[in-house]
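Undergrad: Got a structure for you, written out below as structure tokens; questions coming shortly.
What follows draws every value from the coordinates through simple rules; no lab data is involved. What you are looking at is a predicted structure, and each value in this text was computed from that prediction instead of being measured. Quick reminder, even Gly has a Cβ in these numbers, built from the backbone with ideal geometry, and neighbours come from all protein chains shown.
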Amino acid sequence: MRRFSWFNATSLTLGFAFLYMPMIILVIYSFNASKLVTVWGGFSTRWYGTLIRNEAFLDAAWVTLQVGVVSSTVATILGTMAAQVMVRAGRFPGRTLFSGMIYAPLVMPEVITGLSLLLLFIGIGLDRGIFTIILAHTTFSMCYVSVVVSSRLVAFDRALEEAALDLGCTHFEAFRLVTLPIIAPAVISGWLLAFTLSLDDLVIASFTAGPSATTLPMKIWSSVRLGVSPEINALSTLMIAVVTIGVVTASLLSKRASIRRQQEEREAFQVTP
Amino acid sequence: MAQPKPQTVFAPWTDPDAKPLIRFRNVTKRFGDFTAIDDLTLDIYEKEFFALLGPSGCGKTTMMRMLAGFESITEGTIELAGQDIAPVPPNKRAVNMMFQSYALFPHLSVWDNIAFGLRREGMEKDRMNTRVEEMLRLTRLERFAKRKPHQISGGQRQRVALARSLAKAPKLLLLDEPLGALDAKLRQDTQFELMDIQEKTGTTFVIVTHDQEEAMTVASRVAVMDEGRLMQVDTPAEIYEQPATTYVADFIGDVNLMKGNADPKEGFVLLDWAPNQPQIKAETSKNFAAGQELHYAIRPEKIAITAEKPAEAPNALQGKVLDIAYLGNISTYHVELPGGQIVKAQTANTRRLANRGFTWEDEVWLSWTATAGVLLES
């Protein structure tokens, strides 16, 4: 046991307070009975009630979900393909340029990405709506997926693919039957990352959305400009809850998988050949 | 060291009518400016256990990867059963490979690993089951069929890799340093197991190794390679007893090399190799010019070590014991001659330690017959 020390306790409290105080206040005020956001009027869940009757918010949530699922799925497919090519193709002229170009959107300011996409959509006469948001989100989250997947592919034993070819697979079969199942954890975390990015995004969506489609962050942002309502607090609390549940579930799943693996290894060593 | 198999006279390479399974014809492979394989011609016959032996970077792995289809051929042709294999992709070749890292699929059980190639072939279920069971029996893995690769030991993994590559009954099996990851004891057992399996299945095996003892043990013929060229292709016994070059003599086993000038006589050569030392007498059927520079190679175990000068020895040298390497079954004596040259002599320790004669600084005589060593042109 480490000894209790005032210094450690203070650093811990300050650190956590810095990180979580704003969110705690937000959660507390979401249960405020008063209509005034900064005045405590007793405990109530009425704002959650009005929230689920608010069509505009529900529509926005539905759009956000659709955009998130579709764009992260497409981004995962494209990003994995890009990673596979970058890691496997070996040296070819322009390789550095290519890989640089894949990773560039990672450091590009969102405003610029959004603006350029907007100009492109106007230029080719594409009507802005949910489809353009999906395209935009796919574009910027694809590079994140490709970074995650290529870091896994670099550590991947090339001989496994050669073994699959040697045993009669075509290149595509080797990828589907051997490479993909093995890199699946990286592909899934790439998808989750893309999905989270899409849920969070405000700037790019604002540039590429049309009047027909509004995402949840856009809706919150525009409502807040008219004044913070207790309803927004309730919505934000729900979003925090969803994210928390997601993170906790993911970590529990990975912990259980590692425990199971350890157990299997123990069993394997107990049996003498 | 392995003995040549006495009962079977398996030597298709001596038969001019025998059709080789694999023909390398003037094969060259370049990676950029680097030449990995340099104008190499080689025949390998059916049912052979053929070893490619050489230091790392000698091109042996490249040769194997060209056979498997993972490397293209820069110049020349490789034929498998009479057909040029250059246009055939790896998944269409009747060649399977056992990888150095084993490359077992970690997400599949032992059973599914072995069945993998058969499934790709579209083999029907009953036949596939029978075939996989057969392979499991052959490699003694029945009990581990349900396990994943990370749940079995290194030796078992090695056997799974072997079973998987044999399952499709290839014409040719390539083994890339198959025993490199095993410890010494397991390795010896596995060598004999490999030979046994090779005999049972009648498959042609080509093994790549840098371990000369392994090559000598398992192979019917050994190709010694260096810098993309074949130095010598022969049976293990021939390579050991009749090395073609000083490189081969030095690479395989332990050897004393003496450089000198030839003094040819009728049926033998006298070699002037050091001032103030008697000439070495070596019987030979080859003709050498007078004064030609030659190397004389003699294995340490062919040299006898005695306290007194032997009466009838064609070659006898006197020296002082400088070092003794005691290996249990044998001892190697490093004997220093008056001129400073060091000659290694080996004796089997047939008696226990207390009864043996020589120790450091002892004056001893080294002697050997006229047929014990070989003369090599420089």
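Undergrad: Size of the dipole of the protein assembly as shown about the Cα centre, Lys and Arg at +1 and Asp and Glu at -1 on the beta carbon, nothing else charged, in debye to 20? Please report the intermediate quantities before stating the final value.
TA: On the way: 63 positive and 65 negative charges, 651 e Å.
With Lys and Arg at +1 and Asp and Glu at -1, about 3120 debye.
Undergrad: Could I have the simple spin-label model distance between B:Asn349 and B:Phe34, label points 7 Å from Cα toward Cβ, reported in nm to one decimal?
TA: 4.3
Undergrad: List the aspartates and glutamates whose alpha-carbon lies under 13 Å from that of B:Lys125, not counting same-chain residues fewer than 8 positions away?
TA: Reachable aspartates and glutamates: B:Asp112, B:Glu133.
Undergrad: Another question, if that's okay. Would you please calculate the Kirkwood hydrodynamic radius of the range A:70-110 over all C-alpha pairs and express it in Å, rounded to one decimal? Can you show the working numbers first?
TA: Values: mean 1/r = 0.0885 Å⁻¹.
Here the Kirkwood hydrodynamic radius works out to 11.3 Å.
Undergrad: Still on this structure, please answer the following. Per-residue mean of other chain beta-carbon atoms within 10 angstrom of the beta-carbon, peptide B:53-63? Write out the running numbers ahead of the final one.
TA: Working: counts 0, 0, 0, 0, 0, 0, 0, 0, 0, 0, 0.
Counting Cβ atoms of other protein chains within 10 Å of each residue's Cβ and averaging gives 0.
Undergrad: Give the dimensionless ratio obtained when the Cα radius of gyration of chain B is divided by 2.2 N^0.38 Å. Mind dumping the intermediate values first?
TA: Working: Rg = 24.7 Å, N = 378, 2.2 N^0.38 = 21.0 Å.
Relative to the 2.2 N^0.38 Å estimate, chain B comes out at 1.18.
Undergrad: Within chain B, what percent of beta bridges assigned by DSSP are antiparallel, to the nearest 5? Don't skip to the end; give the middle numbers.
TA: Values: 59 of 77 bridges.
Counting DSSP beta bridges with both partners in chain B, the antiparallel share is about 75 percent.
Undergrad: Could you tell me which chymotrypsin sites (Phe, Trp or Tyr not before Pro) in the range A:1-88 are loop residues by DSSP with no more than 14 other beta carbons within 10 angstrom of their beta carbon? Don't jump to the answer; show the numbers that get you there.
TA: Numbers: sites: A:Phe4, A:Trp6, A:Phe7, A:Phe16, A:Phe18, A:Tyr20, A:Tyr29, A:Phe31, A:Trp40, A:Phe43, A:Trp47, A:Tyr48, A:Phe57, A:Trp62; in loops: A:Phe4, A:Phe31, A:Trp40.
When the chymotrypsin sites (Phe, Trp or Tyr not before Pro) of the range A:1-88 are filtered for loop state and at most 14 Cβ neighbours within 10 Å, A:Phe4, A:Trp40 remain.
Undergrad: Looking at the protein assembly as shown, what % of its DSSP beta bridges pair antiparallel, to the nearest 5? Mind showing how you got there, number by number?
TA: Values: 60 of 78 bridges.
Restricted to the protein assembly as shown, the bridges split so that about 75 percent are antiparallel.
Undergrad: Using the Kirkwood radius over Cα pairs, work out the Stokes-Einstein diffusion coefficient for chain A at 20 °C and 1.002 mPa s, in µm²/s as a whole number.
TA: Values: Rh = 22.4 Å.
Taking Rh from Cα pairs, D becomes 96 µm²/s.
Undergrad: While we're on this one: If you average over every viewing direction, what projected area does the convex hull of the Cα atoms of the range A:182-241 give, in nm²? The partial results should precede the final answer.
TA: Values: hull surface 21.8 nm².
Average of the hull's projected areas for the range A:182-241 equals 5.5 nm².
Undergrad: Determine the shielding of peptide A:165-176 by partner chains: average, over its residues, the number of Cβ atoms on other chains within 10 angstrom of each Cβ.
TA: Numbers: counts 9, 18, 19, 13, 6, 4, 2, 0, 2, 2, 0, 0.
So the per-residue partner count for this stretch is 6.
Undergrad: To continue, here is another question. Tell me the relative contact order for chain A as a rounded percent, counting alpha carbon contacts under 8 Å between residues six or more apart. Provide the component values of the computation, followed by the final result.
TA: Details: 264 pairs, mean separation 81.7, N = 273.
Relative contact order here is 30 percent.
Undergrad: So, one more: If you average the alpha carbon positions of the range B:145-168 and of the range B:32-93, how far apart do those two centres end up, in angstrom?
TA: The range B:145-168 and the range B:32-93 have Cα centres separated by 26 Å.
Undergrad: Excluding residues on the same chain fewer than 8 positions from B:Lys286, give the aspartates and glutamates whose Cα lies under 18 Å from its Cα.
TA: B:Glu238, B:Glu241, B:Asp263, B:Glu266, B:Asp272, B:Glu377
Undergrad: With a 10 Å radius around each residue's Cβ, average the other Cβ atoms per peptide and rank A:129-139, B:338-348, highest first.
TA: Listed from highest to lowest mean packing, they are A:129-139, B:338-348.
Undergrad: Turning to a different aspect of this structure: Let me know the mean shielding of B:64-73 by other chains, meaning the per-residue number of their Cβ atoms within 10 Å of its Cβ. Please list the in-between numbers first.
TA: On the way: counts 0, 1, 0, 0, 3, 3, 5, 0, 0, 0.
Going residue by residue through B:64-73 and averaging, the value is 1.
Undergrad: Using +1 at the Cβ of each Lys and Arg and -1 at the Cβ of each Asp and Glu in the range B:173-321, identify which of B:Phe251, B:Thr209, B:Asn261 lies farthest towards the dipole's positive end.
TA: B:Asn261
Undergrad: If you average the sequence gap of Cα pairs under 8 Å that are 6 or more apart and divide by the length of chain B, what percent do you get for the contact order?
TA: It rounds to 15 percent for chain B.
Undergrad: While we're looking at this one, here's another question. Using alpha carbon centroids, what distance separates the range A:15-87 and the range B:187-222, in Å?
TA: 65
Undergrad: Students often get this wrong, so check it: of A:Lys35/A:Lys219; B:Lys259/B:Lys309; B:Lys19/B:Lys148; B:Lys265/B:Lys309, which have C-alpha atoms separated by over 30 Å?
TA: Working: A:Lys35/A:Lys219 20 Å; B:Lys259/B:Lys309 24 Å; B:Lys19/B:Lys148 42 Å; B:Lys265/B:Lys309 25 Å.
Violating the 30 Å Cα-Cα cut-off are B:Lys19/B:Lys148.
Undergrad: Based on the Cβ-Cβ distance from A:Ile28 to A:Thr96, what FRET efficiency comes out when R0 is 45 Å, to the nearest 0.05?
TA: Values: r = 52 Å, r/R0 = 1.15.
About 0.30, to the nearest 0.05.
Undergrad: Next question, about the same structure. Can you find, among A:Leu153, A:Gly90, A:Val203, the residue farthest towards the positive end of the dipole of the range A:55-229? Put +1 on the C-beta of Lys and Arg, -1 on that of Asp and Glu.
TA: Projecting each Cα onto the dipole axis, the largest value belongs to A:Gly90.
Undergrad: If you don't mind, there's one more thing I want to ask. Run the numbers on the range B:254-377 and let me know its relative contact order in percent, using alpha-carbon pairs under 8 Å that are six or more apart. Intermediate results must be reported in sequence, preceding the final value.
TA: On the way: 281 pairs, mean separation 37.0, N = 124.
Rounded, it is 30 percent for the range B:254-377.
Undergrad: How many nm separate the modelled label positions at A:Val39 and A:Leu252, each set 7 Å beyond the Cα in the direction of the Cβ?
TA: Distance between the two pseudo-spin positions: 4.2 nm.
Undergrad: Please give, to one decimal in nm, the separation of the simple spin-label points placed at B:Ala316 and A:Leu119, each 7 Å out from Cα toward the Cβ.
TA: Calculated label separation equals 10.0 nm.
Undergrad: Taking the protein assembly as shown on its own, what percent of its Cα-Cα pair distances exceed 34 Å?
TA: Working: 135460 of 211575 pairs.
Counting pairs separated by more than 34 Å, the tail of P(r) holds 64 percent.
Undergrad: Same structure again: So, counting K/R as plus one and D/E as minus one, what does the shell of residues with Cβ under 14 Å around A:Ala234 add up to? Mind dumping the intermediate values first?
TA: Values: positive: A:Lys35, A:Arg46, A:Arg53, A:Lys219; negative: A:Glu231.
Spelling it out: positives minus negatives among the neighbours equals +3.
Undergrad: Here is a further query. Please give the contour-minus-distance gain from B:Ala169 to B:Tyr326: 0.36 nm per residue of separation, less the Cα-Cα distance, rounded to one decimal in nm. The partial results should precede the final answer.
TA: Numbers: separation 157, 0.36 × 157 = 56.52 nm, distance 4.61 nm.
Gain in length upon complete extension: 51.9 nm.
Undergrad: Provide the net charge surrounding B:Glu177, with neighbours chosen by a C-beta distance below 10 Å and charges set as Lys +1, Arg +1, Asp -1, Glu -1. Write down the numbers at each step before the final one.
TA: Values: positive: B:Lys60; negative: B:Asp176, B:Asp211, B:Glu214.
Charge balance near B:Glu177 sits at -2.
Undergrad: So for the range B:254-377, taking the charge dipole from beta-carbon charges (+1 Lys/Arg, -1 Asp/Glu), which of B:Ala345, B:Gln318, B:Pro278 sits furthest toward the positive end?
TA: Checking the options against the dipole of the range B:254-377, the answer is B:Ala345.
Undergrad: Taking neighbour Cβ counts within 10 Å as the exposure measure, how do B:Glu46, B:Glu124 sort from fewest upward?
TA: On the way: B:Glu46 16, B:Glu124 8.
Sorted ascending by nearby Cβ count, the order is B:Glu124, B:Glu46.
Undergrad: Right, here's the next one. Quick one: go through the range A:183-215 and flag any residue whose amide nitrogen is under 12 Å from the point 7 Å out along the Cα-to-Cβ line of A:Ala155.
TA: A:183, A:185-186
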